[in-house]
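A quick write-up on the structure given underneath.
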Amino acid sequence: MKKFFIIVLILFISAFFLVISAGMALWYLWSSNLPYIGSLKDYNPPIITEVFSEDGVVISSFFDEKRILVSLDNVSENLINAFIAAEDARFFQHGGIDFSGILRALIKNIMAGKIEQGGSTITQQVIKSLLLKNPERTYKRKAREALLSLQIERAFSKEKILYLYLNQIYLGHGLYGVEAASQVYFGKEVKDLSIAESALLAGLAKAPSRDDPVNHLDRAKKRQRYVLERMREERFINNEEFETALSEELDLEPYKKEDPLKDVPYFTEYIRQKVVKQYGRNLVYRGGLKIYTTIDLGMQSTAKAATKEGIEQLDKREGYRGPLRRVLPPNELDYYEQAIKRVEENPLKIGVITEGIVNKIDTATNETFVSIGGQQGVIPFSEMAWARKVDPEKAYYEDKLKDPADILAPGDVIYVKVIGLNDDLPGWTLSLYQEPEVQAALVCLDGKTGHVKAMVGGSDFYKSQFNRAIQARRQPGSAFKPIIYSAALDKGMTPSSIVFDSAFISSTDSEEEAWKPRNYEETFYGPTLFRTGLIKSRNIVTIKILKKIGTRYAIDYARRFGIESSLSPDLSLALGSSGMSLLEITRAYSVFPNGGMLVKPIFIKKIIDRNGETIEENIPVYSESISEDTAYIMVDLLSAVVNEGTGWRVKELGRPAAGKTGTTNDLKDAWFIGFTPSLVTGVWVGYDDRRPMGKGETGSRAASPIWLSFMKETLKGSPSTPFKQPDGVVITKIDRGTGLLASSYSEKTCFQAFKKGTEPVSYSPKPNYGKPGQFFEMDMEYSK
């Protein structure tokens, strides 16, 4: 018997040592090559890069993980308590592994019949997220997790571990950390969260997709209730606070309004492309940069409104393209069911644009009755009088709609805009609407600094990301002429020089058709002042001026204005035949109000990295383009374009302004580039497919009203200042017909700037008395 006990004892001791040895071996194997916990000391997770407007408003953000680091000092006690109650009630007592918590969770889950509590501590969750990212579930991983938990608890304070946890945790919709989640879901900083809001966020930790408050609010509320109950159990809140939090209505509107590109999508997308190209995607999307830009949100809002109104008005002048489709029996029922759903999702109110179906047209009153999702409305004739049939050969004022039945019939599905609500039937007052197909772009620079203050790249970024202010290369037409005239001034011509406006035919070889340019009015004006050629945008005069100064000289001269696009080395250059961007030519015009200095456009003021170091800073950069005297004479001439010529609509601005219209062949592009002493703004209008606009849609009619609307609102309330006249320029009163000094015989006169020594010295003679002025003749033949 004694032998038996000895054998059993030996076997037991052997087994004990075998288990211990195996355990030690496994411990050694599993604990070897553990991740280095020292990396958590310098916790630098991917964080959001933010883009700011000029006045410090966040206008966009770039990120792989939408995270905003927040210190514990700026986290509300409510939120900390909520997470501890829900995830790890004994966080401040255990050493990384909570054995009693594991047992408690097991009992709770068995009683509930489902998993309600987990056994992982906050420390273990930090390890899973930052050190052991492999999601495998093995004993080895659990052992390594436990070992690391013990190490981290010895190496870091509880506050540091909590800081890591609250900034690392994923809370749905690409949101990492409590600060980003708080700002997106509730529109407030995490330090300002209520008990109810804190409990909702803490409830997302377990299953952020399943308990998503945006798409599954009922589930989120159930989870919130559980967190509140746990907070009460842990005595973080009392019964009254529990009931108050439970009944608090959650406002998730800030999330619904969250827009990754905010109000300046074309601008911020340009910024994104620019910084990614310069610094690389990793730094931009994970590095937490602060990008301070030049955009003025007030001016940007004005620019969007002005372009929107401009293209809508132009679209109406183009005519009505017809209904969207027609719905007839037996398809009416399906349509009405869909229409009712549409109205339920987007209730009717003033300003809403929606589909409607024509019920009937009253020929006696010219009213059109429309059904919108079971509700009724009427379009008065005054709200559709613009809707003539599209006819590019007729200007909008040459063809008018007389009867709604000419364009609509019962069963037609149309777009309508709600403009009013009647107390009696038929209910809503509507206007006929169609979505514009024409596009527009606008860019505004601070003339002194080059700061880009506003930029609109198209009518709708979400339908087309193509930035027409920067990426499009369109012919500027007559908007290029000021560069030709400026070049001619520096070649010895003056505002009083006379050019003969007559037929011009270029020389050609037998295989090419002769080029026969025409004026817009399709007539010739004979002897024409240099100034009149620019003011009235005379094509033949400009071509003859270019022929005199030479195309090579003109191209080299344009380069001094920052024009980098390829330029045609022939006389068509005079008519703006070479494509360029809106930003390019708008920048070129900055030379005139800047006293001959070309300023570099600046989009970004500075960039600061996550450590507070400035890695980029941009200050105004100037280069001398032309003389101060030439620049001022061009300002004077372009002011006359506004006061006497094709830019006449801009006179309504009521302050010193100058600029030039531009219209290309077949009315495919319309421009107005203009400036005041402080701002330079360019506007382009046209179709992406380069089809012509309607008859008469020139830069004056299509583009300058947008420019005027923008500048009028932008400059409202600011003092009116004149353009500064340099010492080398004199102002002389001249005869607008002869270019000589005004005399008692002069019928029309004006004050004109000249370089000192080039002003006329003779007085305008009595009419029909000789040939005043110095004419110069140009050869009628020109070989390209």
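Quick look at the numbers
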quantity	calculated
Matching residues, the range 437-449, being in contact with a helix residue (DSSP H, G or I) (Cβ under 8 Å, 6 or more places away or on another chain) and either open to solvent by less than 30 Å² (accessible area, probe 1.4 Å) or within 15 Å of Ile357 (Cβ to Cβ) (or both)	Val438, Gln439, Ala440, Ala441, Leu442, Val443, Cys444, Leu445
Among the residues listed as Lys417, Lys394, the single one being assigned to a loop (DSSP other than H, G, I, E, B) and either under 18 Å from Asp315 (Cβ atoms) or open to solvent by 10 Å² or more (accessible area, probe 1.4 Å) (or both)	Lys394
Count of residues meeting criterion [open to solvent by 20 Å² or more (accessible area, probe 1.4 Å), acidic (Asp, Glu) and not in a loop (DSSP other than H, G, I, E, B)] in the range 719-751	0
When residues of the range 158-193 are limited to those that are open to solvent by 30 Å² or more (accessible area, probe 1.4 Å) and not in a helix (DSSP H, G or I), the one farthest from Val70 (Cα to Cα)	His173
Subset of the range 707-734 (residues that are in contact with a Leu (Cβ under 9 Å, 6 or more places away or on another chain) and farther than 17 Å from Leu445 by Cα)	Thr732, Lys733, Ile734
Selection status of Glu159, among the charged types (D, E, K, R) and within 23 Å of Glu241 (Cα to Cα)	no
Verdict on Glu65 being within 26 Å of Ile602 (Cβ to Cβ), acidic (Asp, Glu) and in contact (Cβ under 8 Å) with a residue 40 or more places away in the chain	no
Flag for Val599 being buried (at least 19 other Cβ atoms within 10 Å of the Cβ), farther than 16 Å from Pro482 by Cβ and in contact (Cβ under 8 Å) with a residue 60 or more places away in the chain	yes
Residues of the range 564-580 classified as open to solvent by 10 Å² or more (accessible area, probe 1.4 Å) and assigned to a loop (DSSP other than H, G, I, E, B), total	9
Scope the range 276-309; condition of a type in the set (Gly, Ala, Ser), assigned to a loop (DSSP other than H, G, I, E, B) and within 22 Å of Thr449 (Cβ to Cβ); matching residues	none
Residue list for the range 682-700, restricted to those being outside any loop (DSSP other than H, G, I, E, B) and in contact (Cβ under 8 Å) with a residue 60 or more places away in the chain	Gly682, Val683, Trp684, Val685, Gly686, Gly699
Count of residues meeting criterion [over 18 Å from Thr663 (Cβ atoms), of a type in the set (Val, Ile, Thr) and under 26 Å from the mean Cα position of the chain (by Cα)] in the range 566-611	5
Contacts under 6 angstrom Cβ, first residue in the range 155-172 being closer than 14 Å to Leu201 by Cβ, partner open to solvent by 50 Å² or more (accessible area, probe 1.4 Å), 6 or more apart	Asn167/Leu69; Tyr170/Tyr176
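Okay, residues lined up against (1) of a type in the set (A, V, I, L, M); (2) within 29 Å of Pro517 (Cβ to Cβ):
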site	(1), (2)
Gly659	no, yes
Gly682	no, yes
Met711	yes, no
Lys716	no, no
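Let's see how each residue does on (1) more than 30 Å from Gln273 (Cα to Cα); (2) touching a Pro at 6+ places or on another chain (Cβ under 8 Å):
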| residue | (1), (2) |
| --- | --- |
| Ala588 | no, no |
| Val599 | no, yes |
| Ile608 | no, no |
| Val642 | yes, no |
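The values are calculated or read from the model by the stated rules, or taken from the named source; none is laboratory data. Source: prediction; values computed, not measured. Please note: Cβ atoms are built from the backbone with ideal geometry, for glycine as well, and neighbour counts cover all protein chains shown. These area figures cover heavy atoms from the full protein model, side chains too; ligands, DNA and RNA do not enter into them. Shrake-Rupley method; radii C 1.70, N 1.55, O 1.52, S 1.80 Å.
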